[in-house]
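All remarks here apply to the structure that follows.
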Amino acid sequence: MIVKQYPKIVYMGTPDFAVAPLRALVDGGFNVVGVVTMPDKPAGRGMQVQYSPVKAYALAHNLSLLQPEKLKDVTFLDALKAWEADLQIVVAFRMLPEVVWNMPQLGTFNLHASLLPHYRGAAPINWAIINGETETGITTFFLTHEIDTGQVIDQVKIPIADTDNAEIVHDKLMNLGAELVVKTVKAIAKNAVQPIEQETMGVEVRDLRPAPKIFKETCRIDWNRPVKEIYDFIRGLSPYPAAWTELTTNKGEVWSLKIFETEKIFEPADVFRKRHLPPATIVTDGKKFMDVAAQDGFIRLKSVQQAGKKRLPIADFICGKAASLR
């Protein structure tokens, strides 16, 4: 049942992260008059056209749908206006032109997976973990000209455990995000929001921690770094897009590996120095463990995937590489 006192909402999003808030709105009886998502794209080995998670949900629940190639296209803008939305919500979508975000009378707000003003950008969850943060969260804010800089409406904080990877934090924030979107819509409907300028939140521009888009080369492990930094780097990219490296065995074989799960192994400084091991040196018993030397200890590999192969627990990987490790 749609509750009429709520504003008419257009929802914009694409990946799994954006489905949970949309579901919460629909299940809560909010008046979602339309959904905007990315155009269909071919994916996978067969390059078959696949629907985005948001499109699949919208179709399953008979929600009106638009998939514009260009957000300034007149046909799209006319169709968007025809929905006569009072409010637009953006979750993991695209950067909107002003003609779109400034259209509804109550504005457009975004759900961002960080505690703004920190980690503005495309990969806030990854970078918070990579940087060893012990806390992150989600923020709703009104859209404006510059990306992720608008007035903050509300925030929710959560701890990041030392064992959390990007997937775990993603799922925690996704569920909390659904709750925060509903809370934000209710507050806007009651005219009860008191937005805060990010510039007044006590963070100097020089101290802002960014969250730029992640590319393949971004994910390459630098074994010259301290163990803790490498450990955080790997879990911050796990399971996707995954940290990777090239390791050379004692027999000169070069393995290209994605690394998904590790442990930190430290030794007393004097003991470690006596080993005289260059960074990226493999140390293994040839059966159960494989360690890789870093600046101040070792990264113990727990789950890896060789290029062209499937992901394996390290013991299974070692078993298949016994001859190379003797």
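The numbers here are math on the coordinates, done by the rules we state, and not lab data. None of the values given here were measured: they were computed from a predicted structure. Cβ placement follows ideal geometry from the backbone for every residue including glycine, while neighbour counts extend to all protein chains displayed.
Odds and ends about this structure:
- When the chain is described by a simple charge dipole with +1 on each Lys and Arg Cβ and -1 on each Asp and Glu Cβ, the residue from 159, 262, 39 located farthest towards its positive end is 262.
- Note on 94, 273, 235: ascending count of other Cβ atoms within 10 Å places them as 273, 94, 235, the fewest first.
- Partners for residue 251 among lysines (Cα-Cα distance below 20 Å; same-chain residues under 8 apart left out): 287, 288, 321
- Annotation note: GluC sites (Glu not before Pro) in segment 121-188 located in DSSP loop regions with a Cβ neighbour count of at most 14 within 10 Å are 146.
- Computed over the chain, the per-residue total of -39500 (n - 2.57) for DSSP H runs of n ≥ 4 gives a 222 nm mean residue ellipticity of -7500 deg cm²/dmol, rounded to 500.
- Dimensions of segment 15-78 along the principal axes, based on C-alpha atoms and rounded to the nearest Å, stand at 38, 30, 18, largest first.
- Trypsin sites (Lys or Arg not before Pro) within segment 128-231, DSSP loop, no more than 13 other Cβ atoms inside 10 Å: 190, 213, 216
- Scaling against 2.2 N^0.38 Å puts the C-alpha radius of gyration of segment 133-284 at 1.41.
- Across segment 116-216, Cα-Cα pairs more than 24 Å apart make up 24 percent of the total.
- Amide N of segment 114-133 lying under 20 Å from the label point, which is placed 7 angstrom from the Cα of residue 187 along Cα→Cβ: 114-120
- Shape summary: segment 36-110 maps onto an equivalent ellipsoid whose semi-axes, from the alpha-carbon gyration tensor, are 24, 14, 12 Å in decreasing order.
- Cα pair distances exceeding 28 angstrom across the chain, given as percent: 50
- Reachable aspartates and glutamates, given that their alpha-carbon falls under 15 Å from the alpha-carbon of residue 213 and they are not under 8 places away in the same chain: 148
- If you bin all the Cα-Cα distances of segment 217-325 at 5 Å, starting from zero, the percentages per bin are 2, 12, 24, 27, 20, 11, 3, 0.
- Pairs beyond 20 Å (Cα-Cα), from 41/70; 8/41; 172/264; 258/309; 172/228; 8/183: 8/41; 172/264; 172/228
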